[in-house]
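Novice: Okay, here's the structure, questions in a sec.
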Amino acid sequence: MTTPGLLIAAPASGTGKTTVTLGLLRAFTDAGLVVQPFKSGPDYIDPAFHHAACGRASFNLDGWTMPGTLLDALGDKAADADLSIVEGSMGLFDGVAKPGASGTGASAEIAHRMGYPVILVIDVSGQAQSAAATALGFARFDPGLPFAGVILNRVASPRHERLVRAGMEAAGIRVLGALPRRGDLVLPERHLGLVQAAEHPALDALIADYATFLTAHVDLSAIRDAARAAPRAPATTTIADWAPPAQRIALAQDAAFSFTYPHLLDAWRMAGAQILPFSPLADEAPDPLADLVWLPGGYPELHAGRLAAADRFRSMLAEHARTRPIHGECGGYMALGEALIDADGTRHRMAGLLGLVTSYEKRRMHLGYREATLNAPMAGLPAGRRLAGHEFHYSTVIAQPDAPLAHVIDATGAAVIETGSHRGTVTGTFFHMVAAR
């Protein structure tokens with residue numbers, strides 16, 4: 001039997017999807033349900049908050065980077081759950097113009113594929129009956145998309161709620177809840193989005209507040225009853241079919257290196273790989289028996305001084321590189337370079353295994369899907385392999401003297417100058433790999 005689910009969406013970013021999603025995950029978990037969370041799109045921060053809310057690993061579902069077989073395999077993660085909840089990204093229908101592996105990356109595509117009805121979170125501040133026009137437009141824009149109703153957010157007063165509800169009733173839109181305006185239920189942010197879940201000093205208490213707030217102001221029974229799923233056969237492949245890049249993988253994991261897609265780690269473990277965590281910030285060396293060292297993305301720019309002083313980590317990384325591969329993604333790539341210049345203009349020594357020099361003194365956003373064709377082998381993948389991923393950072397390249405690792409294009413097919421680089425056994429990319437094609 002297919003597990004029923006819902007997709008929490010919105011007309012745009014910043015309307016309260018994350019608050020609603022976390023509150024629902026915790027409220028339904030507290031009620032005794034097993035809830036499987038997902039995140040639509042390539043965002044790698046929200047899944048850690050989902051895990052904190054319900055105790056189950058959350059997985060990204062992204063049509064541009066992921067083939068349908070992978071989406072279906074990930075959807076099967078909900079097989080032993082009572083309910084699936086997907087947090088959408090951006091606006092419900094927002095995606096790129098040119099489809100990728102199985103779609104444009106829009107949240108609506110995930111709702112279609114899984115058969116999950118949409119709950120639209122609408123910020124009604126500054127309007128009343130007019131909010132119904134927005135809801136009606138989203139409900140009718142794609143007639144084949146199941147639409148469960150709306151949750152009104154940032155309601156100013158009981159009178160305001162009555163007016164908004166009247167407009168929704170006239171338009172035939174079901175209201176599943178109305179959340180009063182509260183300024184204290186906000187997660188802290190920094191330049192890549194939310195502060196990481198592991199860094200939040202009182203995350204559990206805040207999520208509990210979300211759940212209490214949602215329970216008081218939404219109809220949980222109606223929301224649970226609205227959940228559906230499209231009938232489908234079990235996936236033809238499993239997550240374990242995505243082979244790991246090595247048998248023993250030393251994975252940097254701390255406040256500076258934390259952005260690894262959950263489905264990749266899950267696939268590696270299920271395929272029999274051994275993940276060996278270590279902390280560069282604690283000046284720990286990668287396991288000497290590791291076949292591969294992987295430095296994921298994160299916030300090395302916030303910890304550049306400590307990384308520069310991590311002599312044991314740096315020396316043992318160089319020792320590993322003499323005979324075995326090392327790969328870095330985004331922040332990990334920067335840490336493998338010659339130097340990192342922080343926002344104050346201070347230059348910090350990095351590992352020096354690549355010639356890359358990056359700077360945060362003059363920030364510039366790099367954001368979007370990436371498709372790369374490898375010029376050289378990378379972490380167990382052969383030259384010529386195509387990779388799909390996502391790039392999001394604010395650093396500027398000052399120097400990149402090594403050979404380009406890949407030919408990289410964006411979602412429109414335009415060439416991207418951040419090609420990554422390689423030297424000997426060491427490789428790095430600014431994009432985070434989601435799937436190999």
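The values are calculated or read from the model by the stated rules, or taken from the named source; none is laboratory data. None of the values given here were measured: they were computed from a predicted structure. Positions of Cβ are generated from backbone atoms using ideal geometry, with glycine treated the same way; all protein chains shown enter the neighbour counts. Keep in mind that these areas ignore ligands, DNA and RNA; they rest on the heavy atoms of the full protein, side chains included. Shrake-Rupley method; radii C 1.70, N 1.55, O 1.52, S 1.80 Å.
Novice: Per residue of the chain, what 222 nm ellipticity follows from adding -39500 (n - 2.57) for every DSSP H run with n ≥ 4, rounded to the nearest 500? Write down the numbers at each step before the final one.
Specialist: Values: 12 runs with 117 residues, N = 437.
When only DSSP H runs of four or more count, the value is -8000 deg cm²/dmol.
Novice: Between helix 158-171 and the chain, what is the angle of the helix's C-alpha long axis to the longest principal axis, kept within 0 to 90° and rounded to the nearest 10?
Specialist: 80
Novice: So for the chain, averaging the separation of alpha carbon pairs under 8 Å that are six or more residues apart and normalising by length, what relative contact order in percent results? Before the final figure, lay out each step's value.
Specialist: On the way: 1067 pairs, mean separation 56.8, N = 437.
For the chain, the relative contact order is 13 percent.
Novice: Can you tell which of His200, His390, His327 shows the greatest fluctuation in a Gaussian network model of the chain with Cα springs below 10 Å?
Specialist: Of the options given, His200 has the highest mean-square fluctuation.
Novice: Restricting to the chain, compute how many DSSP beta bridges are antiparallel as a %, nearest 5. Could you put the intermediate results ahead of the total?
Specialist: On the way: 36 of 80 bridges.
Here the antiparallel bridges make up roughly 45 percent for the chain.
Novice: Hey, could you pull the Cα Rg and Dmax for the range 290-340, both in Å?
Specialist: Answer for the range 290-340, Rg first and Dmax second: 10.7, 31 Å.
Novice: Hey, any idea what the orientation-averaged projected area of the convex hull of the range 1-158's Cα atoms comes to, in nm²?
Specialist: Values: hull surface 38.5 nm².
Average of the hull's projected areas for the range 1-158 equals 9.6 nm².
Novice: Something else: Counting alpha carbon pairs within less than 8 Å and at least 6 residues apart, what relative contact order, in whole percent, applies to the range 1-154? Could you put the intermediate results ahead of the total?
Specialist: Details: 318 pairs, mean separation 46.3, N = 154.
Across the range 1-154, relative contact order equals 30 percent.
Novice: What is the magnitude of the charge dipole of the range 260-362 about its Cα centre, with +1 placed on the Cβ of each Lys and Arg, -1 on the Cβ of each Asp and Glu, and no other charges, expressed in debye to the nearest 20?
Specialist: Working: 9 positive and 13 negative charges, 33 e Å.
About 160 debye.
Novice: Checking the cross-link filter: which lysines have an alpha carbon closer than 21 Å to that of Lys17, excluding same-chain neighbours under 8 positions apart?
Specialist: In chain and number order, the partners are Lys39.
Novice: What distance in nm separates the simple spin-label points at Ala415 and Ser13, each placed 7 Å from Cα in the Cβ direction?
Specialist: With each label placed 7 Å out from Cα toward Cβ, I get 2.9 nm.
Novice: Over the alpha carbons of the range 259-418, what is the largest minus smallest coordinate on each principal axis, giving the biggest first in Å?
Specialist: Cα spread of the range 259-418 along its principal axes, largest to smallest: 43, 42, 27 Å.
Novice: Angle between the Cα long axis of helix 203-217 and the longest principal axis of the chain, 0 to 90 degrees, nearest 10?
Specialist: So the helix axis and the longest Cα principal axis differ by about 20 degrees.
Novice: Something else about it: Accessible area per residue, 1.4 Å probe, Å², for the range 1-155: what's the number? Each step should come with its number before you reach the end.
Specialist: On the way: 4720 Å² over 155 residues.
Normalised by residue count, the accessible surface of the range 1-155 is 30 Å².
Novice: Under a crude label model (7 Å from the Cα following the beta-carbon direction), how far is Arg159 from Ile275 in nanometres?
Specialist: 5.4
Novice: Oh, and also: Let's see if you can work this out: charge +1 on each Lys and Arg Cβ, -1 on each Asp and Glu Cβ, no other charges. What is the dipole magnitude of the chain about its Cα centre, in debye to the nearest 20? All intermediate terms of the calculation are to be shown ahead of the outcome.
Specialist: On the way: 36 positive and 42 negative charges, 115 e Å.
Here the size comes out at about 560 debye.
Novice: ³J(HN,Hα) across the range 86-97 via Karplus (A = 6.51, B = -1.76, C = 1.60, θ = phi - 60°), whole Hz, x for Gly/Pro?
Specialist: Values, residue by residue: 9, 8, x, 10, 6, x, 3, 9, 6, x, 8, 6 Hz.
Novice: Turning to a different aspect of this structure: Name all residues of the range 277-305 having a backbone nitrogen under 12 Å from the label point set 7 Å from the Cα of Ala383 along its Cα→Cβ direction, giving them as ranges.
Specialist: none
Novice: Enter the angle in degrees (range 0 to 90, nearest 10) between the Cα long axis of helix 131-141 and the first principal axis of the Cα atoms of the chain, meaning the one along which they spread out most.
Specialist: Helix 131-141 sits at roughly 70 degrees to that axis.
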